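See below for the structure under consideration.
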Amino acid sequence: MRDLPKLSDDPQLQKMRIIPKLGYNTLKYFSTVFADFMISDHLINKYNIQAPRYTSYPTALKFEELQDSSYPGRAISNRNREARDISLYLHLPFCYSLCWFCGCTKVISRKQESSATYLEYLDKEIQLILPQMNPENRVIQVHLGGGSPTFLQPSELRWLGTRLHHHFNIADKAEMGVEIDPRRLTHDHIKALADTGFNRGSLGVQDVNPEVQKAINRIQPTEQVEQVISWLREEEFESVNFDLIYGLPHQTPKSIDSTMDEIIRLNPDRLAVYSYAHVPWMKPAQKLLDGDHLPGPIDKFRMLEQVTGKLTGNGYRAIGMDHFAKPDDELSIAQDQNNLHRNFQGYSTWANVDLYAFGMSGISQVGDVYLQNIKELNDYYEALDADQSPYIKTYSLNEDDRIRRTVIMTLMCDMQLDFDALSDQTGVAFREYFADEIENLKPFESDGFLEWTVNGFKLTNDGRFFVRNVATTFDAYFGEKKEKQFSKSV
Ligand code: SF4
């Protein structure tokens, strides 16, 4: 499984990804260097509302308790009448210590043996749904997320990778990604991942500033990050990604400037730059953070401008919302071809690929049905002990949801809408169906966030920062008084 050729060499995979979703022309403005913006404090405050990130539509808040335990099996069987390309997500929740900013579903544990037990359950969960799946399905994407997948010992990572190849037909050049905690990692972890086909590593970096690291209880010297990068390069990983966060305690527009110089020196292929969402009423770990040193929304937004200007001025391109990639990265190429897609992991180059998630809290998307797993570890184990798949919530999209999902995901990826193309794609006359929504876009125009085009509109460079706000216009459920559970858009 070593010496994986590049994805771009595979004509079959290529064929799937080059068919544009919509017939737009290439968006030249995506390559623009974002250097000269300065959105007013007034507009930042006006648009700093709680809004979904739209990794799905409807959002997980609409999911309902599962009433009929046979429903997921039927939905999966129906969807597997024909073989298709699929994607896998495995949630590995364990972490050695708690980062105080964390909003993930994780289990803090110092007991290394916790992961061996969990892996047995994970394997059982996979085996429970295999009879409903088409054996000819081809897996083109695998993602290990968490928690910290690298909490697992190298031998456990090797075992997990081997089991995945045993259970599924994984394409030779599948994208196999893993989230990596650089602390406590060894070269053997990376070798085990590479030997079982993993070829993309995402490093949780957050910030290289020691004062910030101390404030979030995550001490991670830059040398550690550099060491991991060199192992990944040595083991010929195709892509090294960084996850960064702005809006943490002690970060300022000035400090983030030095941080970004260091990040650019480390030369990742891709970056995801997330806004820190301080929601201690939902994520109790965040109560440990020193709230006195959290930057306010204006400073936060200036940091985002700083990060965006710095990255686009140093050869990276802004991808959708909060992602950046080098011009030859597959995400950049997909964006040029209007072939970018959004899913629970952020952005992807694959269209219409069902996602099967395993592990506590995982969310599967099987055609028009979402299935969410139990979030608590003991309950997850209990369901599997009773030979039950651990689904707890579900949602089945209706016709209006399907139309709105297409519109919102197109906007989140392309930063523009072509009403004629969307009419063709959704089967409804867009201008009539969304007459009220189009009217409601006018304030965004007057605030300089969108410009009308011949067939629709596109967001300006300023407007890209507020794409979530614009997307809420098309969300039939936004305003149902659950917004407190979303993070703020700044
Ligand atoms: S940020 Fe990552 S490593 Fe830290 S507690 Fe959360 S999941 Fe674990």
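Pairing each residue of the stretch 436-448 that is farther than 10 Å from Thr473 by Cβ with any residue that is of a type outside the set (Val, Ile, Thr) and part of a helix (DSSP H, G or I), provided the two are 6+ apart or on different chains, yields C-beta distances under 7 Å for Asp447/Leu43; Gly448/Asp462.
Is it the case that the stretch 251-268 has a residue that's within 16 Å of the ligand (Cβ to nearest atom), of a type outside the set (Ser, Thr, Tyr), outside any loop (DSSP other than H, G, I, E, B) and in contact (Cβ under 8 Å) with a residue 12 or more places away in the chain? The answer is no; no qualifying residue exists. Taking the conditions exactly as written (under 30 Å from Ile403 (Cα atoms) and at pLDDT below 95), does Ile49 satisfy them or not? Considered against the rule, which asks whether it is under 30 Å from Ile403 (Cα atoms) and at pLDDT below 95, Ile49 comes out as yes. With the requirement that a residue be under 14 Å from the mean Cα position of the chain (by Cα), part of a strand (DSSP E or B) and closer than 23 Å to Ser77 by Cβ, what does the stretch 341-364 give you? Of everything in the stretch 341-364, those that are under 14 Å from the mean Cα position of the chain (by Cα), part of a strand (DSSP E or B) and closer than 23 Å to Ser77 by Cβ turn out to be Asn343, Leu355, Ala357, Ile363, Ser364. All conditions in (1) more than 21 Å from the chain's Cα centre (by Cα); (2) surrounded by 24 or more Cβ atoms within 10 Å (Cβ to Cβ); (3) more than 16 Å from the ligand (Cβ to nearest atom) hold for Leu152, with the sole exception of (3).
Within the stretch 67-100, being over 19 Å from the mean Cα position of the chain (by Cα), aliphatic (A, V, I, L, M) and near the ligand (Cβ under 10 Å from one of its atoms) holds for one residue alone: Leu98. Of the set (1) within 16 Å of the ligand (Cβ to nearest atom); (2) under 21 Å from Gln365 (Cα atoms); (3) among the aliphatic types (A, V, I, L, M), all apply to Val139 but (1). Hey, any hits in the stretch 101-112 for a residue that's within 14 Å of the ligand (Cβ to nearest atom) and of a type in the set (Lys, Arg)? Yes, the stretch 101-112 has at least one match.
Residue pairs whose Cβ atoms lie under 6 Å apart, sitting 6 or more positions apart in sequence or on different chains, and linking a residue in the stretch 171-185 that is closer than 24 Å to Tyr96 by Cβ to a partner that is within 16 Å of the ligand (Cβ to nearest atom) and among the hydroxyl-bearing types (Ser, Thr, Tyr), are Glu179/Ser202; Ile180/Thr150; Asp181/Ser148; Asp181/Thr150; Leu185/Thr150. When the stretch 279-294 is filtered for residues that are among the small types (Gly, Ala, Ser) and closer than 26 Å to Leu61 by Cα, only Ala285 remains. Being assigned by TED's automatic domain parsing to the domain that holds Gln213, more than 20 Å from Phe358 (Cβ to Cβ) and polar (S, T, N, Q) holds for only one residue in Gln112, Gln127, and it is Gln112.
With respect to the conditions (1) in contact with a strand residue (DSSP E or B) (Cβ under 8 Å, 6 or more places away or on another chain); (2) over 27 Å from Ile108 (Cα atoms); (3) at pLDDT 90 or above, Gly313 falls short on a single one, namely (1). Among the residues here, Leu185 does not qualify as within 14 Å of the ligand (Cβ to nearest atom), part of a loop (DSSP other than H, G, I, E, B), at pLDDT 95 or above and crowded, with 24+ Cβ neighbours inside 10 Å. The set of residues from the stretch 206-232 being in contact with a His (Cβ under 8 Å, 6 or more places away or on another chain) and farther than 22 Å from Pro249 by Cα comprises just one member, Trp231.
Of all residues in the stretch 113-136, those satisfying the criterion of being within 15 Å of the ligand (Cβ to nearest atom) and buried (at least 20 other Cβ atoms within 10 Å of the Cβ) are Ser115, Tyr118.
The values are calculated or read from the model by the stated rules, or taken from the named source; none is laboratory data. What you are looking at is a predicted structure, and each value in this text was computed from that prediction instead of being measured. Heads up, the Cβs are rebuilt from the backbone with ideal geometry, glycines too, and the neighbour counts pull from every protein chain shown.
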